[in-house]
Amino acid sequence: MARTIAKDHEAKREAILHTAARFFAENGFDRASMGKLAEACGVSKALIYHYYPSKDALLFDILDTHLTALVTVVEAAAAEPGTPQSRLRALIRAILVAYRDSDAEHKVQLEALSSLPEDDQRHLRALQRRLVTAMSEAVRAIEPDRFSGRPDLVGPVTMSVFGMLNWFYLWHRPGGPIDRDAYADIVTDLVIGGLPKVCE
């Protein structure tokens, strides 16, 4: 007879994912042990292994869950009606809002993705490329004529935008003078205002 899934199975899995992301972010994925992780989660090591057969499987689920949710948010924002400027602003704001409760997941993505097996990395990098594609299309739409003459600049500008967004968690402090919405406007205005000079 097949085992039934407990009603709180998904809630427990999500709790493990969030705690594990914080634990890996604070201690480093390579140095983190499943035993110490179980202590941090307040559960037995056996329960961790009930959900995940290995530390790699747990890391993959953290990153897959995080990136899949981010792709959903970003692609929805990119598809919103409006001017190219309003879509870029909405896209940048959506990313920063999506990062709000995912600083640990984001840090683990930056630092530990390359620790996974190649097949897992390919899957996750495909999700990352979807994020980059959405942003690059939004950036190109701001100055289509200028970029038509300098298509080589779309990639560097796109990655510069992600650079401003991806490291926000390092310096931002909740309750400070700049919140996420205000920073989204700063980044958007820098891009819109700077592109004419960049594409000269």
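With respect to being within 20 Å of the chain's Cα centre (by Cα), open to solvent by 40 Å² or more (accessible area, probe 1.4 Å), charged (D, E, K, R) and modelled with pLDDT under 95, Arg173 fits the description. Here is the figure for the stretch 169-200: residues that are aromatic (Phe, Trp, Tyr), touching a residue at least 40 places away in the same chain (Cβ under 8 Å) and more than 17 Å from Ala90 (Cα to Cα) total 1.
Name the residue that is surrounded by the fewest Cβ atoms within 10 Å (Cβ to Cβ), counting only residues in the stretch 85-111 that are of a type in the set (D, E, K, R) and assigned to a helix (DSSP H, G or I).
Residues of the stretch 85-111 that are of a type in the set (D, E, K, R), as a first pass: 87, 89, 93, 100-101, 103, 105, 107, 111.
This time we only want the ones that are assigned to a helix (DSSP H, G or I), so: 87, 89, 93, 103, 105, 107, 111.
Working: Arg87: 20, Arg89: 21, Arg93: 18, Asp103: 16, Glu105: 24, Lys107: 18, Glu111: 14.
Within the stretch 85-111, the match that is surrounded by the fewest Cβ atoms within 10 Å (Cβ to Cβ) is Glu111.
Within the stretch 29-45, residues that are farther than 16 Å from Asp56 by Cβ and in a helix (DSSP H, G or I) have Cβ atoms under 8 Å from residues that are open to solvent by 50 Å² or more (accessible area, probe 1.4 Å) and of a type in the set (A, V, I, L, M) in these pairs: Cys41/Ala15, counting only partners at least 6 apart in sequence or on another chain.
Could you check the stretch 187-197 and list, in sequence order, the residues that are open to solvent by less than 70 Å² (accessible area, probe 1.4 Å) and among the aliphatic types (A, V, I, L, M)?
So the first thing to find is which residues in the stretch 187-197 are open to solvent by less than 70 Å² (accessible area, probe 1.4 Å), and the list is 187-188, 191-196.
Residues satisfying the conditions are Val187, Val191, Ile192, Leu195.
Any residue that is of a type in the set (Asp, Glu), closer than 23 Å to Leu67 by Cβ and open to solvent by 70 Å² or more (accessible area, probe 1.4 Å) - is there at least one of those in the stretch 129-137? Within the stretch 129-137, one or more residues are of a type in the set (Asp, Glu), closer than 23 Å to Leu67 by Cβ and open to solvent by 70 Å² or more (accessible area, probe 1.4 Å). Answer yes or no as to whether Ser114 is at negative phi and surrounded by 15 or more Cβ atoms within 10 Å (Cβ to Cβ). When the stated conditions are applied, Ser114 does not pass them.
Please determine whether any residue of the stretch 52-73 is under 20 Å from the mean Cα position of the chain (by Cα), assigned to a loop (DSSP other than H, G, I, E, B) and exposed (fewer than 15 other Cβ atoms within 10 Å of the Cβ). No, the conditions are met nowhere in the stretch 52-73. For the stretch 167-192, name all the residues that are of a type in the set (S, T, N, Q) and over 23 Å from Glu143 (Cβ atoms). Of everything in the stretch 167-192, nothing turns out to be of a type in the set (S, T, N, Q) and over 23 Å from Glu143 (Cβ atoms).
The values are calculated or read from the model by the stated rules, or taken from the named source; none is laboratory data. All values reported here derive from a predicted model rather than from experimental measurement. Cβ sites come from the backbone with ideal geometry, for glycine too, and all protein chains shown count toward neighbours. Accessible surface is based on the protein model in full, side chains and every heavy atom, while ligands, DNA and RNA are left aside. Shrake-Rupley method; radii C 1.70, N 1.55, O 1.52, S 1.80 Å.
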